[in-house]
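To start, the structure itself, in structure tokens.
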Amino acid sequence: MKSTTLFLGLSLGLGLCAGAPAQVPDSGRWQELRYGAEEVGERMEDRYIEQVVELAAAGRLDADRALLRRLRAISADLIAAAIELKPEAANWQWEVHTASAPDVEASCQAGGKLLVGSEFVRRLALNDGELAILLAHEVAHAIAEHHREILSEAQLLHRPLVPVDVVLERLDSDLSMQIRLAGLSRLQEREADQLGMVIAHRAGWSGAAMLGFYRKLAADAARGRGEPVISSHPSHASRVSMSRGMARLLDPWVTP
């Protein structure tokens, strides 16, 4: 029995890390994904639940009911557009919540778990179109399976082969690994910017909203928030430039 269990464990481990090629929706960029979508989705959902429970216990979950209604109304069409690009996302249990915590901006975990900071939205004074671009960017991360990809790449840097939980913990604490993965993170952010604007356009939002959001993001950084020491995002100037180009491509009549 012990030898059978060991054999099964090794087989599962080898299968886990064998790699599965995939393509990002719309762009077609190839990815090598070494962890299963279900496993990563479960782990990220666990983290999401922990965060949501902590926020609820502190009275910081969904406190801004007006914003929550806006987010859920806007996200419905964005999710439908995302599912057109990635049909399996129709099986995800999508969720949308707000957090009235200063350290929360916006995220969408693997499997469609959205969390948006009410203070972040208020600070940028986002209108509905700009809020749609923010949400679409986060949805793009999920349907491009960026969490799964970054964990897969982190696994290559980690020896011996380990379960996804171990890689998640190391990603949180290992500065050297974060530095080595920063290039991939920036690529993913550029991809989420572009794919997010495609999703927003498919959901009926204008190029003007795209440009408006990235201009407000750049202005917020210029007010002193700045860039982190290890930047996982492209520069704000390049994101404004990119949004201007995408706005012209998607809505030729828009004057950036």
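The values are calculated or read from the model by the stated rules, or taken from the named source; none is laboratory data. Fair warning: this is a prediction, and the values are worked out from it, not measured in the lab. So basically every Cβ, Gly included, is an ideal-geometry build from the backbone, and we count neighbours across all protein chains shown.
For region 215-246, the tally of residues that are modelled with pLDDT under 85 and either of a type outside the set (G, A, S) or surrounded by 15 or more Cβ atoms within 10 Å (Cβ to Cβ) (or both) stands at 9.
So which residues in region 247-256 are surrounded by 16 or more Cβ atoms within 10 Å (Cβ to Cβ) and either at pLDDT 85 or above or not in a loop (DSSP other than H, G, I, E, B) (or both), if there are any at all? If the condition is that a residue be surrounded by 16 or more Cβ atoms within 10 Å (Cβ to Cβ) and either at pLDDT 85 or above or not in a loop (DSSP other than H, G, I, E, B) (or both), then A247, L250 are the ones that fit. Scanning region 88-109 for residues that are of a type in the set (S, T, N, Q) and under 19 Å from E42 (Cα atoms), we see that the one that is farthest from the chain's Cα centre (by Cα) is N91.
For region 93-127, enumerate the residues that are under 19 Å from Q188 (Cβ atoms), touching a residue at least 24 places away in the same chain (Cβ under 8 Å) and assigned to a loop (DSSP other than H, G, I, E, B). Once the filter is applied, which keeps residues that are under 19 Å from Q188 (Cβ atoms), touching a residue at least 24 places away in the same chain (Cβ under 8 Å) and assigned to a loop (DSSP other than H, G, I, E, B), region 93-127 yields A110, G111, G112. Taking the numbered list (1) in contact (Cβ under 8 Å) with a residue 40 or more places away in the chain; (2) over 22 Å from Q93 (Cα atoms) in turn, L134 passes all entries but (2).
In region 65-87, the count of residues that are modelled with pLDDT under 95, polar (S, T, N, Q) and either part of a helix (DSSP H, G or I) or within 16 Å of the chain's Cα centre (by Cα) (or both) is zero.
Mind counting the residues in region 20-39 that are at pLDDT 90 or above, surrounded by fewer than 17 Cβ atoms within 10 Å (Cβ to Cβ) and either over 22 Å from G196 (Cα atoms) or in contact with a Phe, Trp or Tyr (Cβ under 7 Å, 6 or more places away or on another chain) (or both)? Residues flagged as at pLDDT 90 or above, surrounded by fewer than 17 Cβ atoms within 10 Å (Cβ to Cβ) and either over 22 Å from G196 (Cα atoms) or in contact with a Phe, Trp or Tyr (Cβ under 7 Å, 6 or more places away or on another chain) (or both) within region 20-39 amount to 4.
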